[in-house]
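A.B. asks: Below are the structure tokens for one structure; questions will follow.
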Amino acid sequence: MDAFRAAPSTVQVELDSVPPGADAVTSVGPSCKTPCSVAVAPPDAGFSVTYTLNKFQPLTVPVQVVRVAADATTPGSTSLDPNPVVAELKPAGPPPRTPRKGAAQKKPKPANGVVASSPFPDPSAPPVTR
């Protein structure tokens, strides 16, 4: 009985990014480098497109599938919203700085060289005579 079933129809989707040159990967399989176009066999629930580009934050854009049922005068159709799918990528921030292994943490010195909590007298102070 499957021999009489129609093959799933594909829909062309345009993929673009700002800046261009990102890798665009659909959750249904096809991928390309933007700007580009791929044919997808969209599932009923929709799909997503994930954009990645070096030195930019990755971004995933959801895509909805819009199906129009056939009637006696027109064939059914499938479209995608949005199409084209455009992602505006944001620059990635610098990686967080981590202290080097084994590096001692430097403590700031007071301006007068005296540590207030020291139990010893300031060696640079004049001697106290009694």
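The values are calculated or read from the model by the stated rules, or taken from the named source; none is laboratory data. This one's a predicted model, so the numbers in the text were calculated from it and none came from an experiment. Glycine also receives a Cβ, built like all others from the backbone with ideal geometry; neighbour counts cover every protein chain displayed.
A.B. asks: Does region 50-57 contain any residue that is surrounded by 14 or more Cβ atoms within 10 Å (Cβ to Cβ), in contact (Cβ under 8 Å) with a residue 40 or more places away in the chain, of a type in the set (A, V, I, L, M, F, W, C) and not in a loop (DSSP other than H, G, I, E, B)?
C.D. replies: No, region 50-57 contains no residue that is surrounded by 14 or more Cβ atoms within 10 Å (Cβ to Cβ), in contact (Cβ under 8 Å) with a residue 40 or more places away in the chain, of a type in the set (A, V, I, L, M, F, W, C) and not in a loop (DSSP other than H, G, I, E, B).
A.B. asks: In region 23-32, which residue that is in a strand (DSSP E or B) and among the small types (Gly, Ala, Ser) is surrounded by the most Cβ atoms within 10 Å (Cβ to Cβ)? Show your work before the answer.
C.D. replies: Going through region 23-32, the residues in a strand (DSSP E or B) turn out to be 23-26, 31-32.
From what's left, among the small types (Gly, Ala, Ser): 24, 31.
On the way: ALA24: 24, SER31: 13.
Here the residue is ALA24.
A.B. asks: So is PRO20 modelled with pLDDT of 95 or more, in a loop (DSSP other than H, G, I, E, B) and closer than 24 Å to LYS90 by Cβ or not? Steps first, answer last, please.
C.D. replies: Values: modelled with pLDDT of 95 or more: yes; in a loop (DSSP other than H, G, I, E, B): yes; closer than 24 Å to LYS90 by Cβ: yes.
It is true that PRO20 is modelled with pLDDT of 95 or more, in a loop (DSSP other than H, G, I, E, B) and closer than 24 Å to LYS90 by Cβ.
Per-residue answers, yes or no, for (1) loosely packed, with under 11 Cβ neighbours inside 10 Å; (2) polar (S, T, N, Q):
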| site | (1), (2) |
| --- | --- |
| GLY46 | no, no |
| THR60 | no, yes |
| ASP71 | yes, no |
| THR74 | yes, yes |
| SER77 | no, yes |
| PRO91 | yes, no |
| LYS101 | yes, no |
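A.B. asks: OK, next. Quick one: how many residues across region 29-54 are modelled with pLDDT under 95 and out of contact with any strand residue (DSSP E or B) (no Cβ under 6 Å at 6 or more places or on another chain)?
C.D. replies: Number of matching residues: 5.
A.B. asks: Output the residues belonging to region 15-31 that are on the phi < 0 side of the Ramachandran plot and free of Cβ contacts under 8 Å to residues at least 60 places away in the same chain.
C.D. replies: PRO20, ASP23, VAL25, THR26, SER27, VAL28, PRO30, SER31 - these are the residues of region 15-31 that are on the phi < 0 side of the Ramachandran plot and free of Cβ contacts under 8 Å to residues at least 60 places away in the same chain.
A.B. asks: Could you list, in sequence order, the residues of region 68-87 that are assigned to a strand (DSSP E or B) and more than 17 Å from LYS33 (Cβ to Cβ)?
C.D. replies: Of everything in region 68-87, those that are assigned to a strand (DSSP E or B) and more than 17 Å from LYS33 (Cβ to Cβ) turn out to be VAL68, SER77, THR78, SER79, LEU80, ASP81.
A.B. asks: A further question on this structure: For GLY93, indicate whether it is at pLDDT below 95 and within 15 Å of the chain's Cα centre (by Cα).
C.D. replies: yes
A.B. asks: In addition: Confirm whether VAL65 is assigned to a strand (DSSP E or B) and either modelled with pLDDT of 75 or more or of a type in the set (Val, Ile, Thr) (or both).
C.D. replies: It is true that VAL65 is assigned to a strand (DSSP E or B) and either modelled with pLDDT of 75 or more or of a type in the set (Val, Ile, Thr) (or both).
A.B. asks: Taking THR10 as the residue in question, decide whether it is touching a residue at least 24 places away in the same chain (Cβ under 8 Å), farther than 25 Å from LYS90 by Cα and over 15 Å from the mean Cα position of the chain (by Cα).
C.D. replies: The answer is yes for THR10.
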